1. To check you understand DSSP bridge types, tell me what percent of the beta bridges within the chain (both residues inside) are antiparallel, rounded to 5.
2. At 0.36 nm per residue, minus the direct Cα-Cα distance, what do GLU136 and ALA570 gain on full extension? Give it in nm, one decimal, please.
3. Among the listed pairs LYS270/LYS395; LYS432/LYS462; LYS23/LYS509; LYS206/LYS642, which are separated by more than 27 Å between their Cα atoms?
4. In a shell of Cβ-Cβ distance under 14 Å around GLU251, excluding GLU251 itself, what net charge do Lys and Arg (+1) and Asp and Glu (-1) give?
5. Compute the distance in nm between two label points, each set 7 Å from the Cα along the Cα-to-Cβ direction, one at SER150 and one at GLU163.
6. Arranged from highest to lowest average of other beta-carbon atoms within 10 Å per residue, in what order do the peptides 590-596, 117-123 appear?
7. All other residues with a Cβ under 13 Å from the Cβ of LEU640 taken together, and with Lys, Arg as +1 and Asp, Glu as -1, what is their net charge?
8. What does the charge count near THR241 come to, summing +1 for each Lys or Arg and -1 for each Asp or Glu among other residues with Cβ under 15 Å from its Cβ?
Amino acid sequence: MELSSRLTALKGVGEKREKLYQKLGINSIGELLEHYPRGYLDLTGTLAIKDASDEHPCAIKATVTQKGATRPIRKGLTVSKIRATDMERDLLITFFNAKYTVDAIEVGKEYIFYGDFTKRLTGGEMNSPAVISPEESGFLPQYPLTEGLSSKMVSAQMKTAIECCGKQIKETLPDSVLKKYGLCSKEKAIRAIHFPSGQEELEEAKKRLIFEEFLTFSLGMSLTKGKIREESGNAFSNLSTEEFTESLGFELTGAQKRVVAECKKDMCSKIPMSRLIQGDVGSGKTAVAASCMFFAAKNGYQSAMMAPTEVLASQHKATLEKMFAPFGIKVGLLTGSMKASEKAAVKAQIENGEITIVTGTHALIQEDVVFNNLGLIITDEQHRFGVRQRMALSKKGTAPHTIVMSATPIPRTLAFVLYGDLDVSVLDEMPKNRIPVKTYLIGPELSQRAFNFVRNFAKEGKQSYIVCPLIEKTEETTLPLEAAADLAEQIAGQELVDCNVGLLHGRMKPAEKERVMRAFSDNLLQVLVSTTVIEVGVDVPNAVCMVIENADRFGLSQLHQLRGRVGRGAEQSYCILISGTKNPETKRRLEVIAKTADGFKVAEEDLKLRGPGDFFGYRQSGLPMLKMADMMTDIKLLELAKKAAGEILSDDPKLINPENRELYKNIQKLLEETAV
């Protein structure tokens, strides 16, 4: 059996189960070994019910004394209650939508229940704990799963894989790096990350694997940046763009002027510009991008602007058309949902140079899109794209200049992780007429008052968003959460019966999304119930209120992005966060959003507090390689890895020495994985 062998070589894996693993991107035994646990159940010490801490996860060994019937409490939600005892105190356990788990539990049998514990007078309670055999001990790995696979199954196959192929695991780091930074071998790290003998061994394994991920990423970004620097680009002439900025009808901020100057200086160089423009919501990135596109047009070059959604691409097109109309510069749009005849016409105009500026989605990187003279590419909301997608667009021209924009403020210490191949410009000044959004945190008991607030705005002709973390109830796993589809139906018939209510979510077809967004933009809808699809790409100045249900389900930076959809006009705007969380740490996170309007400060707090979920509230598209490393909490290891990368490249700039061969292979693999 080899690391490259199919999973069917393992005992217990047939064709059917292999397909389940393939859904997780696991196609070989080697890939299975790199499928790391997302966490561990700490069974090193079970507690008596009387000794368990309130609102903390723990393991309690207890015997089941009573099992109630599973019953529906509303559409799509069932509840089951079980009673257990440790012979001194009682434990009430509630399961939601967990029929199979409950059916497998036997009265009179002892189990370990692992989960959050709440103290009560007669004992305690747990909601949806993990149910484990009392023979289990130590750290029980919990893996990222798909339906049909359990952590127990994965763990059993992992044990077999390590026994058969553990000795084949190659060392990927040079001996000098292992010694200097006190790292264990790759084989030891893989064995310990899945089956640690204790906390110390687990931490040692984590350190090694996280360091390697950051080192590989750092080297990959440095090599990519070096490759760009070697290319010969189009050096623009330093022509004035004053006529364009004077036509805007407002004065650019000092930060905008500074960033435009930085970009123009880069574009006048033969080395292709590769620059990130990072700024808070409303800091004026679009005006900076437009100034650069005007500069390219004056120099005889086309510009392309790629956005992650059709809604955003269409919005950019409308904005840029107004800006460039006085200069006779034609702006085009290319998206996947356009009719074939419309696409063909736009592509022809791009190829013959009739369209000078084109906005679009991934449709821009299709093979049959040919530019006449592409000199500048811009990707908006860069964290939604992979490095390879950006490179695919840049291949449409001869080493064109590149700008990537992000409205997701990132602490400077983390910017390298996402944008290591770019120079960074920061828009750290807001336009003078921008009014900060007033933000309030309330409990579910006050949600009716929030809806009244929305209704009053509707009477005044103003619009509101209501944001939910889920689309429909079938997605829920444990505790009930508000769902966009259900909530839209409910409030349209009850709380906001006298308002026009629309629904927007990511599963809708592009044309339907566009129809709903256009209706909201045209004020035909007064309230838009939505999932986070509106996080980027919606600019409705008449929208002055946002209500976010289950706000504790989002990351701080994501909440800040959502809040940025209101306050885009001249009126005072409001954001109401609704959360029933009892967790004091989560409450503290939400209070940060209520008190802070500065996105960079929010990001720094997100870094310090690190609540559930990752920095953006979802795994970063384009960064699938960070299996172990957490860019919010592993800053010290990131800095060490960056230092090590610099040392390696100073001795071996192209990684051709034998000791760096495996590292180089990993870098190539990593860069391929960014083509999401």
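1. Working: 34 of 91 bridges.
Here the share of antiparallel DSSP bridges comes out near 35 percent.
2. Numbers: separation 434, 0.36 × 434 = 156.24 nm, distance 6.12 nm.
That pair, GLU136 and ALA570, stretches by 150.1 nm at full extension.
3. Over 27 Å Cα-Cα: none of the listed pairs.
4. Values: positive: LYS257, ARG258, LYS432, ARG434; negative: GLU242, GLU246, GLU429.
Summing Lys and Arg as +1 and Asp and Glu as -1 gives +1.
5. About 2.0 nm separates the two model spin labels.
6. Numbers: 590-596: 18.0, 117-123: 14.7.
Highest-to-lowest ranking by the protection proxy: 590-596, 117-123.
7. Numbers: positive: LYS180, LYS207, ARG208, LYS636, LYS642, LYS643; negative: GLU212, GLU213, ASP634, GLU639, GLU647.
Neighbour charge sum, excluding LEU640 itself: +1.
8. Net charge around THR241: -1.
Computed from the coordinates by the stated procedures, all read-outs in this text should not be read as laboratory data. Here the structure is a predicted model, which means the values were calculated and not measured. Heads up, the Cβs are rebuilt from the backbone with ideal geometry, glycines too, and the neighbour counts pull from every protein chain shown.
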